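Here the structure comes first, spelled out in structure tokens, and everything after it is commentary.
None of the figures in this text is laboratory data; all of them are computed from the coordinates on show. Fair warning: this is a prediction, and the values are worked out from it, not measured in the lab. Cβ placement follows ideal geometry from the backbone for every residue including glycine, while neighbour counts extend to all protein chains displayed.
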Ligand SMILES: [Zn+2]
């Protein structure tokens, strides 16, 4: 576990954290004016990338607001890359985002903090459960996370293929067949698209492989690969249909649909193609 310190004074600015893969949905707005968005990061975790370190707001320690640099103000704070949190020594170290429709997050400035402590050892691929698509049926936000990951994957697949793609029926085709059919040019030749990863060996021209949940590194396999989030990969690899209503009651977040879908086949239609 590592604790991030202020480079100016050495004060601890976070609780001990373990690294996870950077989520695809961090910069995606959800709807318009949705209050009480959840935290982007799980408690006790951080993700690095693009000069920022992302963590849950509740994992911050020893910071003070910089009120003159607040931005946002619909229902909370927005980002625009302006620090609104400082170490108690005055060093500007982070930006908190919690405005409506935005995933709540604190973004540490990489140059203003440094890690202290020993990182968690990297777990083997087999240490993770790849057989369950939905790990927590009280989680009502999976649809938005998966939609963002599917959008990222779609762009990468289009870049990797450049010609029509065929794929087996199932979750993979439910999510990608229609948008790929609209985005890739017709032609006399076609390539194949399939999943490959833990417990799933497949041969195809383009392979969707999972990113390691800790490091973000791609599953290693021969061929042209498109690394996707571990969460999206699990969903695509799990052919079981999900329940229409969560076991705990309540409603899934896509309730304007009639009939209700049992799989997220409309992920891209909802968020990208329209
Ligand atoms: Zn400081």
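Here are a few things to note about the model shown:
- Only alpha carbons enter this Debye calculation for segment 68-225, each as an equal point scatterer, and the log10 of I(q)/I(0) it gives at q = 0.12, 0.18 Å⁻¹ is -0.79, -1.15.
- With neighbour counts taken as other beta-carbon atoms within 10 Å, the residues 192, 45, 215, 95 rank, fewest first, as 215, 192, 45, 95.
- Here the peptides 153-162, 27-36 are ranked by packing, the mean other Cβ count within 10 Å, and the order with the highest first is 153-162, 27-36.
- DSSP bridge orientation in segment 136-247 - percent antiparallel, rounded to nearest 5: 15 percent
- Anisotropy class of segment 2-117 from Cα gyration tensor, a/c 1.5 cut: oblate
- Model label points for residue 132 and residue 74, set 7 angstrom from Cα along the Cα-to-Cβ axis, are 3.4 nm apart.
- Residues 1, 167, 41, sorted so that the one with the fewest Cβ neighbours within 10 Å comes first: 1, 167, 41
- R0 of 51 Å, Cβ-Cβ distance residue 201-residue 89: FRET efficiency to nearest 0.05: 0.40
- Mean separation of Cα contacts under 8 Å, 6 or more apart, over the residue count of segment 2-117: relative contact order %: 32 percent
- Sequence ranges 175-184, 67-76, 218-227, ranked by mean other-Cβ count within 10 angstrom, highest first: 175-184, 218-227, 67-76
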